[in-house]
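Before any comments, here is the structure.
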Amino acid sequence: MKHLTGLQGLPADTITAILDRAVTHKQLLTSEGSSPEPVLKGKRIALAFFENSTRTRFSFDIAARNLGATTLNFTASSSSISKGESIIDTIRNLEAMQIDAFVIRHPASGSAAMISGITDRNIINAGDGAHEHPTQGLLDIYTLRDCFGSLEGLKVMILGDILHSRVARSNIFGLTTLGADVGVCAPATLLPCDVEGLGVKVLPSLNDGLRWADAAIVLRLQLERATGGYLPSTQDYSFSFGLTDERLEKIKKHLLVLHPGPINREIEIAGNVADRIQPPGYSKSMLLEQVTNGVAVRTAILEMLMVP
Ligand code: CP
């Protein structure tokens, strides 16, 4: 594997190999005094973010440094992109500085795959438009496997703005490949027309979804798009699709709750649901555990792509 541009079509044994390797990296990451072998010593990795990021950029930075690589941060606003240089010319110039790998986030769907076609360096998609966010999908899948032991037959509800979500697409591809049952729950305006063609079931309401699901991946309501005629108001959205304790108490008290972040508290998820990691018997938030798992999963990915 030279590039990771998406989970669509990635074989189950490749996904499983990444998850298995990430188990070792999580152990190293969370054990004091332990660190992985510096197998990327002498390598340079560009973190090329054409969109903002906290979790993905920092976790790739930590993962790369833990493996001994040097990281170079690139932001579009402070680069010659702002003078009109194209992304292809930008990549070519960074290649000429002997960059070995690019972690790329870009607003255009398909940009990572396009760049992987013009370079012999490793390309890792850190989110391309509404297309895919494969490393987020893998860390979500890692988190679910870690909690449930297996994904086969696990019922996972993806709740929220499926239409605009690259996280939803990567999760759907990865989870269905590993045998999970995926259901989506969203206002009709935030579901793609062909969603059932992705091999998922449409859950008619949040209450139905909660009755059905073992775990929920709650998505950020993309407020920057919510005013585009998709929703009457964020209050209406919260009333019908917000994950609250009142709803969990009534229907599924002990749900496992994931969210890729960043969260809109009290819009798609209540603050107390997002923050609760105990006591047992209540819903459990995996939000910060997902972030830790993200470092382990991204370490495994860099290692598997870049070590011959
Ligand atoms: N989940 C995620 O991609 O977060 P960031 O935008 O902060 O990287």
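Rounded to the nearest 0.05, the FRET efficiency derived from the C-beta distance between Val202 and Asp89 at R0 = 30 Å is 0.10.
Distance between the modelled labels on Ile251 and Arg265, one decimal in nanometres: 2.4 nm (7 Å Cα→Cβ projection). Cross-link reach is defined here as a Cα-Cα straight distance under 26 Å, omitting same-chain residues fewer than 8 places apart; for Lys43 the lysines meeting it are Lys2, Lys26.
For the pair the stretch 267-302 and the stretch 68-119, the centres of their Cα atoms are 30 angstrom apart.
By the beta-carbon count within 10 Å of each Cβ, the least crowded to most crowded order of Asp245, Asp120, fewest first, is Asp120, Asp245. How high is the FRET efficiency between Glu152 and Gln27 when r is their beta carbon distance and R₀ equals 25 Å, given to the nearest 0.05? So, using R0 = 25 Å, E works out to roughly 0.55. By the count of other C-beta atoms within 10 Å, a proxy for reagent exposure, Asp146, Asp20 are ordered fewest to most as Asp20, Asp146. Ordering of 132-138, 78-84 by packing is 132-138, 78-84, highest average first (other Cβ atoms within 10 Å, averaged per residue).
Sequence-ordered 3J(HN,Hα) estimates for the stretch 82-91 from the Karplus curve with 6.51, -1.76 and 1.60 and θ = phi - 60° stand at 5, 9, x, 5, 7, 5, 5, 5, 4, 4 Hz, glycine and proline given as x. Taking label positions 7 Å along the Cα-Cβ direction at both Ser80 and Asp13, the computed distance is 4.5 nm, reported to one decimal.
How big is the Cα convex hull of the stretch 134-290 in projection, averaged over all directions, in nm²? Please list the in-between numbers first.
Numbers: hull surface 32.9 nm².
Averaging across all directions leaves 8.2 nm² for the Cα convex hull.
In this structure, the amide hydrogen of Val39, modeled 1.01 Å from its nitrogen in the peptide plane, lies closer than 5 angstrom to no residue at least 5 positions away or on a different chain. With respect to the chain, whose longest principal axis is taken over its alpha-carbon atoms, helix 12-30 is tilted by about 80°.
Identify which of Leu40, Leu163, Leu198 has the largest mean-square fluctuation in a Gaussian network model of the chain, with springs joining Cα atoms closer than 10 Å. Maximum among the listed residues: Leu198. On a per residue basis, the convex hull of the C-alpha atoms belonging to the chain measures out at 133 Å³. One decimal place: the segment Asp120-Asp20 gains 33.3 nm when fully extended, by the rule 0.36 nm per residue minus the C-alpha distance.
Is the C-alpha gyration tensor of the stretch 26-168 telling us rounded, prolate or oblate? Criteria: a/c under 1.5 is rounded; beyond that, a/b larger than b/c is prolate, otherwise oblate. Show your work: numbers first, answer last.
Working: a/c = 2.29, a/b = 1.24, b/c = 1.84.
It is oblate, given that a/c is not under 1.5 and a/b is not larger than b/c.
Give the angle, between 0 and 90 degrees and rounded to the nearest 10, that separates the Cα long axis of helix 55-66 from the longest principal axis of the Cα atoms of the chain. For 55-66 against the chain, the angle is about 40 degrees.
Bear in mind that the values in this text are calculations on the coordinates, not laboratory data. Quick caveat: nothing in here was measured; it's all calculated off a predicted structure. Backbone-built Cβ (ideal geometry, glycine too); neighbour counts: all protein chains shown.
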